[in-house]
Amino acid sequence: MTNFSFLRNIARALCVGAILSYSSLAQAQEKENAVSPVYSWRGCMIDLSRHFFTTDFLRKQIDFLAEHKINRLHLHLTDAGGWRIQIKKYPRLTEIGAWRTESDWHKWWIGGDRRYLHEGDSAAYGGYYTQDELRALVAYAQERGITIVPEIEMPGHSEEVTATYPELKCVGNEGAQADMCPSNEATYTFLENVLQEVIQIFPSHWIHIGGDEASRDTWLKCTRCQQKAKELGFNHVNDLQGYLIRRIQRFLTQKGKEMIAWDEALEDTTLTGATIMVWRNAAAARQAIRQGNKVIMSPTSHCYFDYHQDAPYLQPTGIGGYNTFNNVASFAPAAGLSAEERSYILGLQGNLWTEFIETPEHAEYMLYPRELAIAEIGLKGRISDISHFRKSIIRQYPHLDSLEIHYFDLRKEVGERPESQNQKNSQAADIKVVYHRPFSTYYPASGNEALIDGTYGGWSHTDGRWQGFCQSTDTIKKPYCMDLTLDLGKVKAIHNIDMEFLQNSEAWIYLPEDFRISISKNGRNFREIFQKGAPREPNSKPLYVHWRWIGTKKARYIRLQARAPRPGEWVFSDEIRINEQRGKCGTKPY
Ligand code: ACM
Ligand code: ZN
């Protein structure tokens, strides 16, 4: 964490904070009593698995969130990064599964061997909450109007489970830790026993069971999964995910609880009577509702607080993405839904995933003030005057200072990538683009003319203005993932060719390892005029580069080819300019 020099590092004055927060809480409550909140679910999620945070930290957040009438604290308690809740029947989950070899996510997960250690080992990083600690935390939150909702991940994001209880892996999966086997009765015994203890700690009506991003790779090779899928009449072992979720839903219902699952649960188009936490695509809400489920909106587009909130070059290393305070404040959870559909929307939630967030100060910096916009939307339905709301947040800074909340200072915000604010003239009328390798359907930008339309991307590769090309595994037949020809219509003098690339190694996007420009008058005989490459540099902050050929040539066809360093890695570009005025070239000064 290199950008925290401006954050004070003084011990927390618990008593002063608590007294101040209570007096302002009382005032806030008085004011709000007259108006009932639009949404009953005004949530905040904290991922405690990727990095462990103390109950003192959680109490501090509960105090502050309660002031803003957040009423649900969703704790992501289990994931590969570490199992954080004591389960008496399965002690290895916390004796081993809560402790890993590295705190640093790059070193442990991305570049490391993902090993766990024993509690007490001198090199062990991690921690967990005892059941008594969690009961006390639940009571503390309850007194402040906040329900703590626990999440126990299944069947994916469970490497710490299969590492400590390997009998829950698929048949034939001796090596890799992975998803739990959905075809083994032992998995259901385990999950039900765990949930039984969870239910006894958390009185919450809702229990979140995860259900997202199961890779399901090991199910394909597992004879037990193949047999089970056949028995159940499924076309594919992937459908076992829905089977597992339905069984767990039945178990929770019998216990008087309601299941929440991430929106992957909708792959089972018969799932009903659950609450779906929508994260991938706000449009999933409609499907959830059609199937008879309730919905909590927490889409990445507005509710992910691990994304940068300002220009990445000024921010701590993060997972990528770009989600400003104003963008969060612009979120309208029920936009486009009918009155009938709206009645299924319980509310919204901000999510703090913590892969790259190691300290309490950093966590608060990512949470606030964005979570305060979530709170306001939860109360009012939407924020009609964002500029006014922003000023009201800034006016609260002295109060946040008094509570020693380490917030992001909106007064210092730099804003979007300058190029994305100054669009150039489109070249599409004069130039035709022929793709020899297609751009990704996930990242098409505006399609065939995206690279010549004068539109530059912003800080985020997912903003719909960057076009993505994925490197093939067939590097002999398809050495370049980006391979296209610009047809100028007739032979013309060319002086400059400018190309923009982006690197975001957290999303496997790299600068081209090899980029070439060739020209031709007839479209058959090409002559290379430019070659450049950048070394593969993982773990760097996002980079934006501008590469330029300068010369004087005559040509009608310009072929541009770029290779990502490794199969599965990406090259992203937002624009190619021909015969632009000369200007600065190279890595952008951010
Ligand atoms: C998620 O972000 N995988 C829910
Ligand atoms: Zn299996």
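The values are calculated or read from the model by the stated rules, or taken from the named source; none is laboratory data. This one's a predicted model, so the numbers in the text were calculated from it and none came from an experiment. Positions of Cβ are generated from backbone atoms using ideal geometry, with glycine treated the same way; all protein chains shown enter the neighbour counts.
Conditions: (1) surrounded by fewer than 24 Cβ atoms within 10 Å (Cβ to Cβ); (2) charged (D, E, K, R); (3) within 24 Å of Tyr397 (Cα to Cα). Arg42 meets all but one. Number of the miss?
Single failed check for Arg42: (1).
Which of the residues that make up the range 294-320 are more than 26 Å from Thr272 (Cα to Cα) and either of a type in the set (A, V, I, L, M) or within 16 Å of ligand 2 (Cβ to nearest atom) (or both)?
Passing the criteria: Ala311, Leu314, Ile319.
Here is a list of conditions, (1) small (Gly, Ala, Ser); (2) over 30 Å from Ser540 (Cβ atoms); (3) modelled with pLDDT of 95 or more, and Gly175 meets all of them except one; can you say which number that is?
(3)
Assuming Glu192 fulfils every condition listed in (1) part of a helix (DSSP H, G or I); (2) under 26 Å from Asn351 (Cβ atoms); (3) among the acidic types (Asp, Glu) apart from one, which condition is it?
Only one criterion in (1) part of a helix (DSSP H, G or I); (2) under 26 Å from Asn351 (Cβ atoms); (3) among the acidic types (Asp, Glu) is unmet by Glu192, namely (2).
If you check Ala265 against the conditions, is it in contact with a strand residue (DSSP E or B) (Cβ under 9 Å, 6 or more places away or on another chain) and free of Cβ contacts under 8 Å to residues at least 60 places away in the same chain? Before the answer, list the steps.
Numbers: in contact with a strand residue (DSSP E or B) (Cβ under 9 Å, 6 or more places away or on another chain): yes; free of Cβ contacts under 8 Å to residues at least 60 places away in the same chain: yes.
Yes: the conditions hold for Ala265.
Just the residues that are within 13 Å of ligand 2 (Cβ to nearest atom), over 24 Å from the mean Cα position of the chain (by Cα) and among the acidic types (Asp, Glu), please, taken from the range 175-214.
Glu185
Name the pairs: first residue in the range 463-479 and in contact (Cβ under 8 Å) with a residue 24 or more places away in the chain, second residue acidic (Asp, Glu), Cβ to Cβ under 6 Å, at least 6 apart or on different chains?
These pairs meet every condition: Arg465/Asp574; Trp466/Asp574; Gln471/Glu569.
Identify, from the list Glu151, Glu160, Glu174, the residue that is charged (D, E, K, R), out of contact with any Asp or Glu (no Cβ under 6 Å at 6 or more places or on another chain), more than 30 Å from Ser40 (Cβ to Cβ) and buried (at least 18 other Cβ atoms within 10 Å of the Cβ). Show your work before the answer.
Details: Glu151 fails: more than 30 Å from Ser40 (Cβ to Cβ); Glu174 fails: buried (at least 18 other Cβ atoms within 10 Å of the Cβ).
Within the list Glu151, Glu160, Glu174, the selection yields Glu160.
Okay, residues lined up against (1) surrounded by fewer than 17 Cβ atoms within 10 Å (Cβ to Cβ); (2) at pLDDT below 95; (3) within 14 Å of ligand 1 (Cβ to nearest atom):
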| position | (1), (2), (3) |
| --- | --- |
| Leu220 | yes, yes, no |
| Leu240 | no, no, no |
| Arg250 | yes, no, no |
| Ala284 | no, yes, yes |
| Ala288 | no, no, no |
| Pro316 | no, yes, no |
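State all residues of the range 527-569 that are in a strand (DSSP E or B) and among the charged types (D, E, K, R); if no residue qualifies, say none.
Passing the criteria: Arg527, Glu528, Lys532, Arg548, Lys553, Lys554, Arg556, Arg559, Arg563.
Name every residue in the range 329-358 that is away from ligand 1 (no atom under 16 Å from the Cβ), among the aliphatic types (A, V, I, L, M) and either surrounded by 18 or more Cβ atoms within 10 Å (Cβ to Cβ) or not in a loop (DSSP other than H, G, I, E, B) (or both), in order of residue number.
Ala329, Ala334, Leu337, Ala339, Ile345, Leu346
Any residue in the range 208-224 that is farther than 21 Å from Ala261 by Cα sitting within a Cβ distance under 6 Å of a residue that is more than 12 Å from ligand 1 (Cβ to nearest atom) and in a helix (DSSP H, G or I)? List the pairs, counting only those 6 or more apart or interchain.
Pairs found: Leu220/Val237.
Within the set of pairs 6+ apart or on separate chains, which have a first residue in the range 515-535 that is of a type outside the set (A, V, I, L, M, F, W, C), a second that is at pLDDT 95 or above and in a loop (DSSP other than H, G, I, E, B), and C-beta atoms under 7 Å apart?
Between residues of the range 515-535 that are of a type outside the set (A, V, I, L, M, F, W, C) and residues that are at pLDDT 95 or above and in a loop (DSSP other than H, G, I, E, B), the close pairs are Ser518/Phe526; Ser520/Phe526; Gly533/Pro512; Gly533/Glu513.
Of the residues in the range 134-166, how many are more than 16 Å from Trp99 (Cα to Cα), within 16 Å of ligand 1 (Cβ to nearest atom) and in a helix (DSSP H, G or I)?
The number of residues fulfilling the criteria is 0.
Residues are listed down the side, and each one gets a yes or a no for (1) within 20 Å of Arg59 (Cβ to Cβ); (2) out of contact with any strand residue (DSSP E or B) (no Cβ under 8 Å at 6 or more places or on another chain):
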position: His74; (1), (2): yes, no
position: Glu95; (1), (2): no, yes
position: Lys107; (1), (2): no, yes
position: Arg115; (1), (2): no, no
position: Val138; (1), (2): yes, no
position: Val149; (1), (2): yes, no
position: Ser158; (1), (2): no, yes
position: Tyr165; (1), (2): no, yes
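Within the group Gly468, Gly454, Gly523, Gly489, which residue is on the phi > 0 side of the Ramachandran plot and not in a loop (DSSP other than H, G, I, E, B)?
Answer to the selection: Gly489.
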